[in-house]
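Novice: Have a look at the structure that comes next, please.
The values are calculated or read from the model by the stated rules, or taken from the named source; none is laboratory data. All figures in this text were calculated on a predicted structure; none of them were measured in a lab. A quick note on method: Cβ atoms are made from the backbone with ideal geometry, for glycine too, and the neighbour counts reach across all protein chains shown. Accessible surface areas use protein heavy atoms only, side chains included; no ligands, DNA or RNA. Shrake-Rupley method; radii C 1.70, N 1.55, O 1.52, S 1.80 Å.
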Amino acid sequence: MRALSLLLALLCFGSATRAAAQEVEAPAPLQEVDPDAASRADVPEPEGEAAAEPASEAPRESRTREAPAAQPAAAAEAAAAPSGRPAPPPIVAPRVGDAQLTAAWTRVQAAREPAAMESALRALVALREDVGASDLEPFALALSRLAEQRARAGDEASALQLAEGAVSLAPDLPYVHFALARSNARRAPLDVVLYAPQAMAGLRALAADPRYLRPALADVGGAGLLALLAAASAVVLLLFLRGLRYLLHDVHHLFPRSTARWQSAALALLLLGLPAAFRLGWVPLLLALFAAVALYLTRAERLLGAALLALLGLLPLAAGELARETAFAGTVAEDVYVLERGGLAAAAAGARVQARDEALRAQFAELFALGRYEARRGELTRATAHFKRAAALRSADPRVLTNLGNIRLASGDPEAAAQLYESARQEDATLAAAAFNVAQVYQRRAALLPDFQVGETAGRASAALTAAERLDPSLLGRVPPPGERLLMNRLLLSPGLTQAELLALTGPDAGAAVRAQLEQALLGGWGGPFASVLPAAAAALVLLWASAGERLRASRGCERCGRSVCRRCDRALGVRGAQCSQCVNAFVRRGLVAPQVRARKELEVERHRTRMERLALAAGTLVGGAGHVLSGLPVRGALHAFLFLFLLLGVAGPQGLVRAPYGEVPAGLKVALLVLVLVPLHLLSLRSLRRRQQLRPAPETH
C-alpha cells in the first residue's frame, strides 16, 4: 500500500509538472541563447573595451586586428582537434577604422610610380573588403578627378590607371563608371565596345542607387511638369490672342454707340486682368482668358483648353507626390543607406542614428543598420546591443538572428551561432545567408570530430550549403578566403535591409511643402482640400457657357478674310454664316458689287491668308507647336509644344534635364541633345506645319 501511494504521488507530480510546463510560454529564438534579450528596457548598455573604443581608432599600420574574444576560441578549437588533423583557422572580426583607411589612402597619394600606385590601391581595396564596405566614395572621386587632370595633361596611361582604380574602390558608384567610360572614349572614340560596357555599368549603378536615381527622377519629372505648365499656358494664350479680335468686337456692342472702340477694348482688358491684380494665381488668370474667348473657339479647341486647365489644377498635387516619391537626401533613409554601405560617411550617419536611439525615436531599420555597421567594423559588443534593441522592436527577425550568429561565431561560441542560424532558417526558409553560414559552422565542427563521427555533421553541412546555393545561385563555387585567419566579413554572409525598407523611411510628408508652394503660386488663395479640382470644375462651367454661343449671337471669324461675322452688324447674315457681309456681297451674291471692288476684296483675302501663314510659321519657329495651334490643329500643336519645351529645358537649363551628382553637366551631353534630338524634331514639326498649309485649299473667290 505504501508503494502504491508513492506511485500515485509521483504520477500526480509528473502531471502537474507537465501542465505547468505547458503553461510557460516558449522562449523566443534570441532568448534561447541570450535570456537578457527579453525587452528593450532590459538591454544592457555596451560595456568593456570594445564598446568604448570608437570605429576610427588610431591605426596600427594598415593590418586587420582581430577581436580579442576570438583568441581563446582558436585555442579551444586547436585543443579539441584530433591528433594528426589541423584545426580550421579561427574566424576573427576585423577592427579597421576610418583612420586606417585614411592612412592607406595616404600611401596611394604618395605613390609616384605605376607599380607602387597599383600595390597601394590593392592594399586599400583589401581593407575595403575586410570591413565589408561596398564603396569608398571620397577616395574614388578623388582618383577620378585626378584621372581627369592627367588626361588633360596628355598622360592617358596614368589617367586610365587612376580611373580603373576609382572603379575598384567604389564599384557601385555611377560617377566612376562614367569617368572610366569617358577616359576610354578619349583614347578610342570609334571603339564603342571599349567604353560602352562601362557606360552601361554606370547606368545600372545609377538605377540601383536611390541617392542618384531619385534626384534624377525628380529632375526629369520636374522638367516634365514645368514643360506641361509652359505648354498649357502657351496654348491657352494663343487661343486667347486668336479670339481676342472677336471678343473686343462683341464687347463693343455692350457699350453705347458713342463709345470709342479703344475705350471698350481697354475696359475689357482691364477686367480680364483682375485675377492678376488681386493675385489670385496663374491658373485663375488663364481661366479668365479662356472663358472670355471660349465662344469663338472650335469644339476641339474648347475641350483641349478645358483639359489643360484641369491638368494645371492637378499640377501641385502631382509635384507634391513627385517630391514625396523622390525624396531621399537629408532623410533617415539616407542615414540608414550610408550605414548599410559601410563607407567613410557611415560614422557621421551612425552618430545621428545613435542620437535618435538615445531619444527613443530610432526605428528597427536604423538600429539594425547601425548594429550591422558596427559588427563589420569589429565592435561586437556595441553591435550586439543594437541588434538586441532591434529585436525588441521586431522579434524573431531572421536577419537579426543571422547577424547575431555571425557575432557569436566570431566571438568563439559556434554552438550558439548554429542555434541562431537554425532559428533564422525556421523563421525564413528563403534566407540563403543563414543556410550558408550554418554550413560553415557544420564544416568546422566536422573538422574537429573523429573520423567515425564526421559523416552526420558533414552531411548536414552539405545539405545546408546545397539549400543556400539553390536559394542564391551566386554562391555556387564560392570558396573561403585564403590565409591562416578567416575574416568574418569575408567568410560569412550578412543579410541587410531591402530597398523597400529603406525607401519607407523617407517619411509621408516630404512633398507637403512643395504642394503648398505650388498651390499658392498657381491657385492663389483657393487652397483647401478641393483646390486641385476647382480648375476642372471651372473649366466645365466654361464649356457650358461656350455652348450658348449661338443664343448669345456671338461673332466669329470670316473664313475668307478673317473679319468678324456679326449678326448684330448685319442682320441679313444667316444664323450659321461663315463669311462676313463683304465676302458675301463680293463672292456669293454675283453682280452685286463692281469688278474693281471684288478684285480689291480678292487681294485682301490673299493678303490675309499669307499673313496668317507667316504668323503661324513664325510662332512655330519660336515655340514648337504654336503654329499648329494657330492653324487649327490644337491637339497636335499642344503635343509638339510640350515635347519642344521639355527638350529645351534639357538644352537651355543650367543643369539640363538631370543634374550631375559631382561637378557640372558635360557640355557634350547638351550639344548631343540639341543636335540629335531637339533640332530634328523641331524641323519635322515645322515641315508638318508647312505641308498642312500647302495642302489646305484656298477659299474660292470666283
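Novice: May I ask you to evaluate 6.51 cos²θ - 1.76 cosθ + 1.60, the Karplus curve with θ = phi - 60°, for each residue of the range 248-258 and list the ³J(HN,Hα) values in order in whole Hz, giving x for glycine and proline?
Specialist: Residue by residue, the range 248-258 yields 5, 5, 6, 4, 4, 5, 7, 9, x, 5, 6 Hz.
Novice: Cβ under 11 Å from ALA170's Cβ, ALA170 left aside: what net charge do those residues give with Lys, Arg +1 and Asp, Glu -1?
Specialist: Values: positive: ARG128, ARG341; negative: ASP135, GLU137, ASP172, ASP209.
Overall, the nearby charge balance is -2.
Novice: Per q in 0.16, 0.18, 0.26 1/Å, what log10 I(q)/I(0) does a Debye calculation on the alpha-carbon atoms of the range 250-329 return?
Specialist: For the range 250-329, the Cα-only Debye profile gives -0.78, -0.89, -1.15.
Novice: Ordered by residue, what ³J(HN,Hα) values in Hz, to whole numbers, does the range 410-416 give under the Karplus form 6.51 cos²θ - 1.76 cosθ + 1.60, where θ = phi - 60° and Gly and Pro are x?
Specialist: So the J values, rounded to whole Hz, are 6, 8, x, 10, x, 5, 5.
Novice: Hey, another quick one. Mind jotting down the distance between the C-alpha centroids of the range 407-471 and the range 136-197, whole Å?
Specialist: The range 136-197 and the range 407-471 have Cα centres separated by 42 Å.
Novice: Using a probe radius of 1.4 Å on heavy atoms only, what accessible surface per residue do you get for the range 348-474? Whole Å² is fine. Provide the component values of the computation, followed by the final result.
Specialist: On the way: 4810 Å² over 127 residues.
Computed with neighbouring chains in place, this is 38 Å² per residue.
Novice: Further, regarding this structure: Once a ≥ b ≥ c are taken as the square roots of the eigenvalues of the Cα gyration tensor of the range 214-281, is the result rounded (a/c under 1.5), prolate (a/b larger than b/c) or oblate (a/b not larger than b/c)?
Specialist: Cα axes put the range 214-281 in the prolate bin.
Novice: For the peptides 405-411, 592-598, 216-222, what is the packing order when you average, over each peptide's residues, the other Cβ atoms within 10 Å and list the highest mean first? The partial results should precede the final answer.
Specialist: Numbers: 405-411: 26.6, 592-598: 12.1, 216-222: 17.4.
The most tightly packed comes first, giving 405-411, 216-222, 592-598.
Novice: Could you provide, to the nearest whole Å², the per residue accessible area of the range 79-169 with probe 1.4 Å? Please report the intermediate quantities before stating the final value.
Specialist: Details: 3890 Å² over 91 residues.
Per residue, the range 79-169 has 43 Å² of solvent-accessible surface.
Novice: At 1.4 Å probe size, with the rest of the protein present, what percent of the exposed accessible area of the range 181-235 is carbon and sulfur atoms?
Specialist: Details: 1930 of 2560 Å².
Taking all protein chains in place, the range 181-235 shows 76 percent carbon and sulfur surface.
Novice: Quick one: how many Å² of MET612 are accessible to a 1.4 Å probe, rounded to 10?
Specialist: MET612 has an accessible surface of roughly 70 Å² with all protein chains in place.
Novice: Please list the non-local residues whose amide H lies under 5 Å from the amide H of VAL565, H modeled 1.01 Å from N, same-chain partners needing a gap of 5 or more.
Specialist: For VAL565, the qualifying residues are ARG556, GLY557, CYS558.
Novice: Then there's this: Work through the residues other than SER264 whose Cβ is under 12 Å from its Cβ and net out their charges, Lys, Arg +1 and Asp, Glu -1. Display every interim value, and only then the final one.
Specialist: Details: positive: ARG257, ARG261; negative: ASP250.
Computed value for this residue: +1.
Novice: Next question, about the same structure. Rounded if a/c is under 1.5, else prolate if a/b beats b/c, else oblate: with a ≥ b ≥ c from the C-alpha gyration tensor eigenvalues square-rooted, which is the range 341-418? Before the final figure, lay out each step's value.
Specialist: Values: a/c = 2.30, a/b = 1.40, b/c = 1.65.
Note, shape of the range 341-418 comes out oblate.
Novice: Take each of the peptides 119-129, 434-444, 294-304, 257-267, average the number of other beta-carbon atoms within 10 Å over its residues, and list them starting from the highest. Write down the numbers at each step before the final one.
Specialist: Values: 119-129: 17.7, 434-444: 24.6, 294-304: 19.3, 257-267: 11.7.
Result, highest mean Cβ count within 10 Å first: 434-444, 294-304, 119-129, 257-267.
Novice: Follow-up question, since we're still on this one. Any idea of the accessible area per residue across the range 267-334, 1.4 Å probe, to the nearest Å²?
Specialist: Values: 2930 Å² over 68 residues.
Each residue of the range 267-334 exposes 43 Å² on average to a 1.4 Å probe.
Novice: Something else now. Is the range 434-485 best put as rounded, prolate or oblate by its Cα gyration tensor, with a ≥ b ≥ c the root eigenvalues, rounded for a/c under 1.5, and otherwise prolate when a/b is larger than b/c, oblate when not? List each step's numbers first, then the result.
Specialist: On the way: a/c = 2.66, a/b = 1.35, b/c = 1.97.
Because a/c hits 1.5 or more and a/b fails to exceed b/c, the range 434-485 counts as oblate.
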